[in-house]
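Visitor: Let me begin by handing over the structure; questions about it come next.
The values are calculated or read from the model by the stated rules, or taken from the named source; none is laboratory data. Treat the numbers as computed from the prediction; the structure is a model and nothing was measured. Here the Cβ is made from the backbone with ideal geometry for all residues, glycine too, and neighbour counts use every protein chain on show.
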């Protein structure tokens, strides 16, 4: 769903971070969308880092609160009660929820 759109071959002469993998991670009642980045620059602290970029939090009655990670490092809830299908559609279509 997301991999074909956001994963590409490594850029030639890459000097900026780029996405190399996307995956999910459950923690408690939340499903996190995570991304792994390569750090090709000569001054990189590590060759890779991982981050969470979207979160589905189960709120009951087969509904989820959908949030994205802001530049402030805090989760921002955009949709308080969506079905799983609607959450997945939002993550696929809305750039707020992209890595």
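Visitor: Output the strands (runs of 3 or more DSSP E) that fall wholly within segment 9-89 and possess 2 or more residues being free of Cβ contacts under 8 Å to residues at least 12 places away in the same chain and at negative phi, or say none.
Guide: In segment 9-89, 18-27 are the strands (runs of 3 or more DSSP E) which contain 2 or more residues that are free of Cβ contacts under 8 Å to residues at least 12 places away in the same chain and at negative phi.
Visitor: Kindly provide the set of residues from segment 90-99 that are free of Cβ contacts under 8 Å to residues at least 60 places away in the same chain and farther than 14 Å from residue 31 by Cβ, ordered by number.
Guide: Within segment 90-99, 93, 94, 95, 96 qualify.
Residue-wise test of (1) under 19 Å from residue 5 (Cα atoms); (2) exposed (fewer than 14 other Cβ atoms within 10 Å of the Cβ); (3) modelled with pLDDT of 95 or more.
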residue: 25; (1), (2), (3): no, yes, yes
residue: 39; (1), (2), (3): no, no, no
residue: 52; (1), (2), (3): yes, no, yes
residue: 70; (1), (2), (3): no, yes, yes
residue: 73; (1), (2), (3): no, yes, yes
residue: 82; (1), (2), (3): no, no, yes
